[in-house]
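Here is the structure we will look at, set down as structure tokens.
The values are calculated or read from the model by the stated rules, or taken from the named source; none is laboratory data. Everything numeric here is computed off the predicted structure, so don't read it as measured data. Ideal geometry is used to build each Cβ from the backbone, glycine not excepted, and the neighbour counts take in all protein chains shown.
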Amino acid sequence: MKNSKNLNIVTKNNHNTIITRSLLMDPKIWSRLPPEILEYILSFLPLKTFLNLRSTCKGFWPLIFSPSFISKHSPSSSPFSSFLLLSHPQFHRHFPLYDCNLGTWRNISLSFSDSLHSSPSFTTLVSSGGLFCLSDSISCSLLVFNLLAKSSRKIQYPSFSFHIEHLTFVTTPKGYIIFVLSSKSASTTAFVYDSKVLTWRSFEGFDPILSDNPHQQGVYFNGCLYFATTEPFSVVYFDLENSKWERPIGELPSQLTFVRLVSVNDDVGEGKKLFLIGGVGNNGISRSIKLWEMSEEGNWIEIQSLPDLMCRKFVSVCYHNYEHVYCFWHEGMICICCYTWPEILYYLVSRRTWHWLPKCPSLPSKCSCGFKWFSFVPRLFAEV
């Protein structure tokens, strides 16, 4: 503090008469305030107030990412809601927000234009843990960014003339993992980027069973990346620590028409669970849609079946093109979406009930295909 300021203190005497005293804030004293005391004081500010305050002082700007400040200002006290984002080519990079806390659509649209000024040709947008990841074929790079903290990291492709056939982006307790597949001739190579070490690892001769469904990512569960394959349906996982491909012990349910995976990795609340969503029927036509959970023994235990009327609607909007179906976890909800339909079918885990999300009111009446949903849980401390 370079300039002296007056601090007004309001007190009351025995006759309840208000007395105002003005104390001079001596810069010689306040400029020597220990950093840990300053951090402690600032940690009591509401997060929105601190975001505005940190732009006034160079010392405040990096403070928000220091481990000591993060430990004092718990992310659980964040005033931000969780959102579902809807993407469509006609929105021109603006994403309508559905506020899950208020149960309504927001009148504002989220735009990535400020974050993408140096990467105008992005594709393959994915999200996880408050971070977004996109690919840019022109600059041959990936961009990971935190919209709330306005921070980003540019990651170059692992090789020259690299073409992404599959991209999985997941956050972990220690950072984030990027998994991509790229084919050359008859072989497919898997590449894994770990934010802890900021490097790529490659794995040759991988069977290209994951490249047929670009809408569905892998999921992170118990230190591994799990994937649902195309027919014949199976579940495989990549052990990140041992760098090995494995298959779970339990067999998949019979008569499946499609298979998707959803994981939850909360240390509190729902805990760590792996779910399987699948259609059940004959000749590629789903007669029902069911939900299974993996047991501790590695077996799939059926826990819910979609009500018949909801199932008929979902199957009709998919036209039995299940390659357009994708699923993800969002704040206690298992969301089931279709690339050709603007609504979300979701299962509320805590109540064990199924619901349809209200249609976006700003959606043009003639929109068709190209609908992509994202889970967006703003996290100020998610590092890129």
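Worth a mention:
- Long-range neighbours under 8 Å by Cβ, at least six apart or interchain, first residue in the same structural domain as residue 249 (by TED's automatic domain parsing) within the stretch 289-317, second of a type in the set (Asp, Glu) and at pLDDT 95 or above: 290/302; 291/302; 292/302; 300/293; 301/293; 303/293
- Any hit, the stretch 236-246, residues being in the same structural domain as residue 203 (by TED's automatic domain parsing), modelled with pLDDT of 95 or more and either crowded, with 21+ Cβ neighbours inside 10 Å or touching a Cys at 6+ places or on another chain (Cβ under 7 Å) (or both): no
- Residue within the stretch 209-220 that is surrounded by fewer than 16 Cβ atoms within 10 Å (Cβ to Cβ), modelled with pLDDT of 90 or more, within 30 Å of residue 381 (Cβ to Cβ) and in the same structural domain as residue 320 (by TED's automatic domain parsing) present: no
- Subset of the stretch 329-384 [surrounded by fewer than 16 Cβ atoms within 10 Å (Cβ to Cβ) and basic (Lys, Arg)]: 351, 352, 359, 366
- Tally, over the stretch 333-384, of residues that are aromatic (Phe, Trp, Tyr) and within 20 Å of residue 125 (Cβ to Cβ): 6
Residues are listed down the side, and each one gets a yes or a no for (1) assigned to a loop (DSSP other than H, G, I, E, B); (2) of a type in the set (Lys, Arg); (3) over 26 Å from residue 188 (Cα atoms); (4) modelled with pLDDT under 90:
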{"residue": "226", "(1), (2), (3), (4)": "no, no, no, no"}
{"residue": "249", "(1), (2), (3), (4)": "yes, no, no, yes"}
{"residue": "268", "(1), (2), (3), (4)": "yes, no, yes, yes"}
{"residue": "275", "(1), (2), (3), (4)": "no, no, yes, no"}
{"residue": "286", "(1), (2), (3), (4)": "no, no, yes, no"}
{"residue": "293", "(1), (2), (3), (4)": "no, no, yes, no"}
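- Filtered residues of the stretch 225-243 (kept if farther than 19 Å from residue 196 by Cα and either of a type in the set (Val, Ile, Thr) or over 23 Å from the mean Cα position of the chain (by Cα) (or both)): 229, 230, 231, 232, 233, 234, 235, 236
- Filter pass, residue 286 being of a type outside the set (D, E, K, R), closer than 26 Å to residue 168 by Cβ, over 23 Å from the mean Cα position of the chain (by Cα) and assigned by TED's automatic domain parsing to the domain that holds residue 99: yes
- Condition check for residue 110: at pLDDT below 75, in a strand (DSSP E or B) and of a type in the set (A, V, I, L, M): yes
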